[in-house]
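Worksheet: one structure, shown below.
The values are calculated or read from the model by the stated rules, or taken from the named source; none is laboratory data. The model shown is predicted, which means the values in this text are computed figures rather than measured ones. Cβ: placed from backbone, ideal geometry, glycine included. Neighbour counts: every protein chain shown. Please note that ligands, DNA and RNA were not included when accessible areas were found on the heavy atoms of the full protein model with its side chains. Shrake-Rupley method; radii C 1.70, N 1.55, O 1.52, S 1.80 Å.
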Amino acid sequence: MNKAILVGRLTRDPEVRYSQGENATAVARYTVAVDRRFKRDGEPTADFIPCVVFGRSAEFAEKYFRQGMRVSISGRIQTGSYTNKDGVKVYTTEVIVEEQEFAESRAESEANRASYNRQQAAPAPSPSVDAGDGFMNIPDGIDEELPFN
């Protein structure tokens, strides 16, 4: 059985594109930051899981999901690979979302977003993707800039 259940915060607003053709389908992509249960010194305290959702659910995510919002999703893990323009094989891992919902009230979401916006002093460095496992490497010193401390 391939089933993933995640509860975490959106690292940015969902990015939505539409497939080409007569019956264009919405495809939304977002990343969920999921806190780790046990924290060790020197290790990240969260995993950043890329998610993909299709159709009406993608349109819902575009309309209602925002950076910093706590969400609950379930779906399946999908792995893949491709060769980039430099000829390097890149491996991918993402969750194909089957169900998604809010994991906090609107008031909690707005309070957390306002607190996050006040704390931001400088733009966060962009995370890079490690070609080995498809997960994002989060730069050192970014802890205070994330919306879910």
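For the pair Lys85/Glu62, report the inter-label distance in nm, with labels modelled 7 Å from Cα in the Cβ direction.
Here the modelled spin labels are 2.5 nm apart.
Gain in length, Thr25 to Asp13, computed as 0.36 nm per residue apart minus the alpha-carbon separation, to one decimal in nm?
Details: separation 12, 0.36 × 12 = 4.32 nm, distance 1.89 nm.
Fully extending the segment from Thr25 to Asp13 adds 2.4 nm.
Within region 1-111, what whole-number % of the accessible surface is contributed by carbon and sulfur, with the 1.4 Å probe and all protein chains included in the calculation? Numbers along the way, then the final one.
Numbers: 3330 of 7340 Å².
For region 1-111, the apolar C and S fraction of the accessible surface comes to 45 percent.
Considering only the other residues whose Cβ falls under 15 Å of the Cβ of Ser19, what net charge follows from Lys and Arg at +1 and Asp and Glu at -1? Before the final figure, lay out each step's value.
Details: positive: Arg17, Arg29, Arg56; negative: Glu15, Glu22, Glu59, Glu62.
Cβ neighbours under 15 Å give a net charge of -1.
Below 10 angstrom from the Cβ of Val53, what's the summed charge of the other residues (Lys, Arg +1; Asp, Glu -1)?
Value of the local net charge: -2.
Residue-wise, which Karplus ³J(HN,Hα) couplings in Hz belong to region 85-91, taking 6.51 cos²θ - 1.76 cosθ + 1.60, θ = phi - 60°, and x for glycine or proline?
Values per residue, Gly and Pro as x: 5, 8, x, 9, 6, 10, 9 Hz.
Can you give me the long-range amide H partners of Arg12? Hydrogens built in the peptide plane at 1.01 Å from N, cutoff under 5 Å, separation of 5 or more residues or another chain.
Thr31, Gly68
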